[in-house]
Each structure stands twice: as structure tokens, then as C-alpha cells.
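Each remark here refers to the structure printed beneath this line.
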Amino acid sequence: MSDLSRRGLFGAVGVGGAAAGALVLAAAGSASPSSKEETVSDAYPYFGVHQGGIVTPAQDRMHFAAFDTAPGLDRDALIGLLRDWTDAASRMTQGGSAGELDAMSGSYDAPPEDTGEAYDLPPSGLTITFGFGPGLFLDAAGADRFGIAARRPAALERLPHFVADNLDPNLSDGDLCIQACAHDPQVAVHAIRNLTRIAFGRAVLRWSQLGFGRTSSTSVDQATPRNLFGFKDGTMGLRAEQTDLIDAHVWVQAGADPAADWLVGGSYMVARKIKMQIETWDRAPMREQENIVGRTKREGAPLSGGVEFDQPDFTLEGRGGVPVMDVASHVAIAHPDHNDGVQMLRRGYNYVDGNDQLGRLSAGLFFIAFVTDPRTHYIPMQSRLSRNDLMMEYLQHIGSGLWAVPPGVTEGEFVGQALFA
Ligand SMILES: C=CC1=C(C)c2cc3[nH]c(cc4nc(cc5[nH]c(cc1n2)c(C)c5CCC(=O)O)C(CCC(=O)O)=C4C)c(C)c3C=C
Ligand SMILES: [Fe+2]
């Protein structure tokens, strides 16, 4: 393990103004590694043009949390919360404590400012990404509690109902959300726990999710991981290095929504908790599994031929003139050619929440995508998938949410500050 831990605060807070994704070593005296040499102890800069945790190379662990603001919270108190969250996030991502004092310091007669479980741990690539839900702008009763309703982005509405959705309100929505990703689960959990604690009296945890195993790659240097169906997942996902595509499909551009200019440089985050009927899937023949996905299980190559990163040929016909790639395969329906060219930055995680009373795993994929506009990028694709995707027989969408993700933070500012200017 690196010498770098949370014993005291490190001088690395605020290192560089570079966009998140540039890796820095916070340990004094260490040489900067290339991204191929990244280790579990590294830190990403907190301050930058975009928030971390979007184009940052997807870490292997995630703790996601959605919050509701407390009844009676006013604009100044909300700003105070965002400022406190920003300060804590800027410290924790650099391997520091949640509070100004570390977990073992402070008055003996007061609770410590940090809960302590990450005290000996390095930064572990921690990123903390904040999002604002539709309810922050207008609550269920239509009240503009924080004086920001006029600046609500037009695209920030609850996602519509999709065919076969079976959403649990207790696993959906939230005025605010936080995505904490790290190489070490204890570091991600520590971040959410302490941010929840800091929010006491101002925002209440509504629902949360642990994810253990990325199902995407967001950098060209990352190998493609596998999901709980055993297939390579993330092959055709957007990569940080594809900057033109990231600009076109992920970041909100100037002029996109004049009422929501504060969101320029930010994005929209879609989260869907998708239960996978894995015991049923495990009984499906290999031929059927591959046909449903549209790719080979071993290599992740398109069924039309070639190797993993080759494009599928949807026109290729097999015996009897039947397309080799099933028109209802997951890949066929989700491909940009069949979705007006749209792509999304997928950043999901596998999850297992124990099991049900019949001995079936309560498991699936916590789907996360960052998009420039959910109305063009997520909603039409999900509508097609929910109606036609062969994989839907094995899936159940049980949780859902959409949040506007403000741009990155400059030192001295708080996250989302431009919304309140
Ligand atoms: C609305 C968007 C998507 C949802 C929801 C979704 C769920 C989901 N996907 C898999 C497994 C795989 N998905 C793959 C590709 C793929 N999926 C989406 C979108 C959604 N998936 C897109 C845009 C793509 C890329 C299509 C393309 O350009 O070819 C693959 C193949 C490998 C890959 O390219 O990533 C797999 C496997 C599961 C299990 C799942 C829900 C549980
Ligand atoms: Fe998919």
C-alpha cells in the first residue's frame, strides 16, 4: 500500500485545474504514472472543467446514493450543504478526511469529523459526482422551494414509463444524487457515509446502491469487463479519448438550453436498477444467449464475424435469408445505426443484493449513462429496447432516476454554484 493515507490532510487538494481523467499521484516523491500503470492508491484531481467520475477511467467499485432535501430547507441552507459537500469531496478524493480535522483528532468530547474507516487507506482513485434531480427545481406539490424553477433544464423531467417497467418508488428518483467510484469499496462507502452524515438535517438518504465490478470501459487502456450474464460489456461504449464524440454525446453544449446555461460543461446522468433473472438465463442454451446479445460469449465479437471491436454487419444473411444478427438482439436495437446515430457514455456496475426466499440471487446491473440530452439519447433507445429487445425476457427495471450533473468545480467554488448566481 502507498504511504498515502487519510492520516491528516494532504497538500494535493486542488492539484492542477485539469479535467478529471488526468491521473496524478498524490504521494510525495512518486513519479507520475501513465494511465496503464495506474495503481489502486492513485488520486484524481477534484477541481477541473468537468466533474470526475464521468470520463474518468471507470473504477471497479461504486456506491451510489440519492437524497431528498429536508422539509423546510431554504435556498441558503441548500447552498450551505453544497458548499460543505464540495469541501468534503475535494478532501476525500485526495485521500484526506471528510472534515477539516482527521478521524482521530478533535475534541475528546465531540464526535470525530470523519468516521474513520478509510483512515489508513489511500485515495484509491475516488471520484465523487453530484447530480440535481427534477424535484430540486419543483417539488411534488409544484413549489419552487429554492428559487431555481426558472432555471430548470427542459430535459430534466422524471423519465417516462417504459414498457415492462416495474419501478419501486423506494429505488427511484431523489432531489440530489452522489456517485462515488473507487478501486476500493471501503473508500467509496466511506465517501457516501460521510457525505450523508454531513447532510444531516438538510438532506435525507432516499435510496442507495453498491456496485462491485464495472460493466463498461471509459478509456482505451481498459480491458472490457463482463456482466453477470457472462458477456463482455462496454465494448462499444464511448471512451474519454474520443473527445469529439464525448463533446457531441456527453457534455451539455453552450446554447443547448438558454434557461439552463449553468449546466454547460455538465451532463445528464441516467440510473436504472435492472434486475437480471440470472437463474433463468443460466438455463438458456449458449446459442440462444449469443443470439439475444448479438455477440459471441467468449470474445465479444459480433455474430456477423470479425473480432471484438469490429462493427456488426446487420445486412449479412445466413441460411434461408435470415439475418445472422437477430434484428431483435440487444446489440442490433441499441446500435447507433438504429438510433439516429446517438451514443452514450455507459458507466454501469454489477450488483448482488443477497437473495430472495426462493433462493434466487437478487442481482443485476446498475445501469448508469451520461448523455448530453436524455430526450434524444436515452429515452428513444430505452423505448425501443423495452419493446423489442430479446434480452427483456430476462430483465426487470426496478429503479430509475435522472439528474442534471453540473460542470466541474473551480477551487473556492461549490458544485452547481452557477445555478444560484
Ligand atoms: C438504454 C440503454 C441500455 C440499457 C438499459 C442496457 C442494458 C443492458 N445491456 C446489457 C448488456 C450488453 N449491452 C451491450 C451493448 C450496448 N448496450 C447499450 C445500451 C443499453 N444497455 C448500448 C448503446 C450498447 C452498444 C451497442 C453497439 O453500439 O453495438 C452489450 C454488448 C457489448 C457492448 O458493446 O457493450 C452487452 C453484453 C445488459 C446485461 C443490460 C441490462 C441488465
Ligand atoms: Fe446494453
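Values in this text are rule-based calculations from the coordinates and carry no lab data. Just so it is clear, the model here is predicted, and its values are computed rather than measured. Cβ atoms come from the backbone with ideal geometry, glycine included; neighbour counts cover every protein chain shown.
Computed quantities for the displayed model
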read-out	value
Matching option when the condition is under 30 Å from residue 259 (Cβ atoms) and of a type in the set (D, E, K, R), among 214, 202, 193	202
Lone qualifier among 393, 413 - being assigned to a loop (DSSP other than H, G, I, E, B) and either more than 10 Å from ligand 1 (Cβ to nearest atom) or free of Cβ contacts under 8 Å to residues at least 40 places away in the same chain (or both)	413
Single condition residue 260 does not satisfy, out of (1) more than 20 Å from residue 395 (Cα to Cα); (2) touching a strand residue (DSSP E or B) at 6+ places or on another chain (Cβ under 7 Å)	(2)
Residue that is under 24 Å from residue 364 (Cα atoms) and either in contact with a Lys or Arg (Cβ under 8 Å, 6 or more places away or on another chain) or not hydroxyl-bearing (Ser, Thr, Tyr) (or both), where the choices are 254, 248, 240, 223	223
One residue from 226, 214 being within 12 Å of ligand 1 (Cβ to nearest atom), without any contact (Cβ under 8 Å) to a residue 40 or more places away in the chain and farther than 20 Å from residue 67 by Cα	226
Test: residue in the range 349-364 that is charged (D, E, K, R), under 18 Å from residue 229 (Cα atoms) and either exposed (fewer than 15 other Cβ atoms within 10 Å of the Cβ) or within 14 Å of ligand 1 (Cβ to nearest atom) (or both)	yes
Of the criteria (1) of a type in the set (A, V, I, L, M, F, W, C); (2) within 21 Å of the chain's Cα centre (by Cα); (3) within 14 Å of residue 68 (Cα to Cα), which one residue 180 fails	(3)
Hits in the range 329-375 - residues which are away from ligand 2 (no atom under 16 Å from the Cβ), within 28 Å of residue 257 (Cβ to Cβ) and of a type in the set (Lys, Arg)	375
Total residues in the range 289-322, condition surrounded by 13 or more Cβ atoms within 10 Å (Cβ to Cβ), part of a helix (DSSP H, G or I) and more than 12 Å from ligand 1 (Cβ to nearest atom)	1
Selected residue (criterion: nearest to residue 371 (Cα to Cα)) from residues of the range 186-211 that are polar (S, T, N, Q) and away from ligand 1 (no atom under 16 Å from the Cβ)	208
Pair list, Cβ under 8 Å, 6 or more apart: the range 276-298 residue among the aromatic types (Phe, Trp, Tyr), other residue surrounded by 15 or more Cβ atoms within 10 Å (Cβ to Cβ) and in a loop (DSSP other than H, G, I, E, B)	281/229
Residue check, residue 354 without any contact (Cβ under 8 Å) to a residue 12 or more places away in the chain, among the small types (Gly, Ala, Ser) and assigned to a strand (DSSP E or B)	yes
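So that you can scan it fast, the table gives a plain yes or no per residue for (1) crowded, with 16+ Cβ neighbours inside 10 Å; (2) in a loop (DSSP other than H, G, I, E, B); (3) touching a Cys at 6+ places or on another chain (Cβ under 7 Å); (4) of a type outside the set (Val, Ile, Thr):
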position: 87; (1), (2), (3), (4): yes, no, no, yes
position: 96; (1), (2), (3), (4): yes, yes, no, yes
position: 101; (1), (2), (3), (4): yes, yes, no, yes
position: 105; (1), (2), (3), (4): no, yes, no, yes
position: 108; (1), (2), (3), (4): no, yes, no, yes
position: 113; (1), (2), (3), (4): yes, yes, no, yes
position: 119; (1), (2), (3), (4): yes, yes, no, yes
position: 150; (1), (2), (3), (4): no, no, no, yes
position: 156; (1), (2), (3), (4): yes, yes, no, yes
